[in-house]
Amino acid sequence: MSRKQKSDKPKRARPPALVRVGSAVSPARGLLTLFCLTFAGLAEALGIASLLPLFAMLGENGNEAGGLGGEIVRWSHEIGLAPDVNFFLGFLIIGMLLKAGLLMLALRQVGRAAADVATGMRLELIEALLAARWSYYAGQPVGRLSNSFGTEANQAGEAYNAAAQLFSNVILVIGYLAVAALMSWKLAVLSSVVGLLMILTLNRFVVITKRSAKVQTKVLRRMIGEMTDVLGGIKPIKAMGRQAGFATLFRRDVMAINGAMRDQVFSKNANKALQEPILAICLAVGIYGAMTFWKMPAGEVLVMAVLLVKTVLTIGRAQQDLQNVRINESGYVAIADAIETARAEVEGSVGKEKPVFERAIEFRDVSFSYGVTPIISQASFSVPAGMVTALTGSSGSGKTTTVDIMLGLHNASAGEVFIDGRRLSDIDIVAWRQMIGYVPQELTLFHESIFANVTLGQADFSREDVERALTQAGAIDFVKALPEGLDTLVGERGARLSGGQRQRIAIARALLHRPRLLILDESTTALDPETEANIVRNLCALSDETGIAILAISHQPAWTRAASRTIRLEGGHILSQAPAATLGSSS
């Protein structure tokens, strides 16, 4: 399939945020959380309701008190409970304790679910990235993806936690309104009006919070991506004294984040600050109306005041939870977008045939283009098994792209690639790549031990396997001379090793799994001639001993002299294919 055809593939619809978050949480845990939150709200509401009969019994007329409290006392006597003050005090305490216990259980489940959301999204991103085609990686700043694994995944978990807290407070508000309605429909209406007034008054601060959070996430993601790139190339920047320009660039982003943070902090604090005056005004109006116009008993007015305070404060907490949802929502959206983007770039289906490389790799009239720009045009050549082949040409001639097609990282626009006479498109591409050792021009060594850098963390390789690969790469002598041997840390990007040593470690990594084909992509270009000649001589001897095929992409004379076959590529066209001198004649 051509690049054009791939771009025409319809994109999958992205599921809503709540659906994606909910899918990461166990259904049983979600039901348990819902049960606990619902009954926690009910328990507290009933506990507060017990104040009505309690105040009625403490009044002057005792059990003959009027109002709803007196009705509850008389109803309790009719069913044989014979309640007293201690009974209703106990009912109040039990309600509060039950609410606290259920709420703690619910929040424990919420905490686990929030962690599951963050972990699940990290795993989803890892799986999506590893399954994506090569062209996707070429356009992705590493720092942005690193930010997704860290900050944005944590924000996704925090968004779920804030949403659960919001739901908990909504349940409590419903319970309070239900008790208020039992006392007086007027009280229920008053509580609802107060709640609506608070929501409408404070909602603009929620909008400001959401907007500032989006700005912070966008700028921070860009800045981290740029900072990662700068730190990766900090040596030439420092050497040329050009760091001041980058400092100015980052200062602009930092100040943009600063402005967004100011808005966010202000909106959060303003939300809290305005709740108390709104509560005081509405409470004063409610008490005045209850005593002046509705002629409610003092006990019921007190319970009404408690319910009104609890309702308004809980609505305030709910708005704060909504602000937290908005703050962390942008991080969730960002990592969800990264996952879906990577999934949309999933590598195409692979063939089923088992690869065999005993004769040759053949390119037959292969062409490839980036968009409308042709890179390779009708290239036809072969790479024999068990031999050293050099692929030469000037920079930009299409050498690396040719190898990428051979690896299945790019698909040819026209023509076919054959492995021992079978189409590459019919072969299991993962199994084919597992038969290849690859050494790029830009080496990537991690700040780990030599052993970890050679094995890449795969536990199925032993120290003996690593020593064998280091021996084949000509690196065993200098590794054994190091104080800690295989356990020596190589430093950031291998900074503790010389260029030739780093090169040999990378070659050992490529040889560890005993490949049938070793590809060297301009990997010795930066080395001095003597070091390069030693590596070339060592690898050619390895090819003679083991029968491994070597494809060296290079314009260096050392490889063209050593290769059994030389292929020259210019402007995407094969100019020549010819046998070359042997290593013995060049030494």
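We did not get these values from a lab; they are worked out from the coordinates using the rules stated. As the structure is a computational prediction, the values presented were derived from the model and not from experiment. With ideal geometry, Cβ positions are generated from the backbone for all residues, glycine too; neighbour counts draw on all protein chains shown.
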- prompt: Points 7 angstrom from Cα along the Cβ direction at residue 480 and residue 266: gap in nanometres?
  reply: 7.0 nm
Residue 544-residue 422 pseudo-label distance in nm [points 7 Å out on the Cα-to-Cβ vector]: 3.3 nm
message: Taking θ = phi - 60°, what integer Hz values does the Karplus form 6.51 cos²θ - 1.76 cosθ + 1.60 yield along region 185-191, in sequence order, with x for Gly and Pro?
response: 5, 5, 5, 4, 5, 4, 4
- prompt: How do 152-163, 263-274 rank on mean C-beta neighbours within 10 Å, highest first?
  reply: 152-163, 263-274
statement: Label model pair residue 528, residue 218: point-to-point distance (7 angstrom along the Cα→beta-carbon line) in nm is 5.2 nm
- prompt: Hey, what does the equivalent ellipsoid look like for region 360-586, semi-axes from the Cα gyration tensor as sqrt of 5 times each eigenvalue, largest first, whole Å?
  reply: 30, 19, 16
message: Under 16 Å from a point placed 7 Å out from the Cα of residue 285 along the Cα-to-Cβ direction: which residues of region 169-204 have their backbone N that close?
response: 186-202
- request: Take the Cα radius of gyration of region 150-230 and divide it by 2.2 N^0.38 Å, with N its residue count; two decimals is plenty.
  value: 1.68
- prompt: How would you rank 496-502, 384-390, highest first, on the average number of other Cβ atoms within 10 Å across their residues?
  reply: 384-390, 496-502
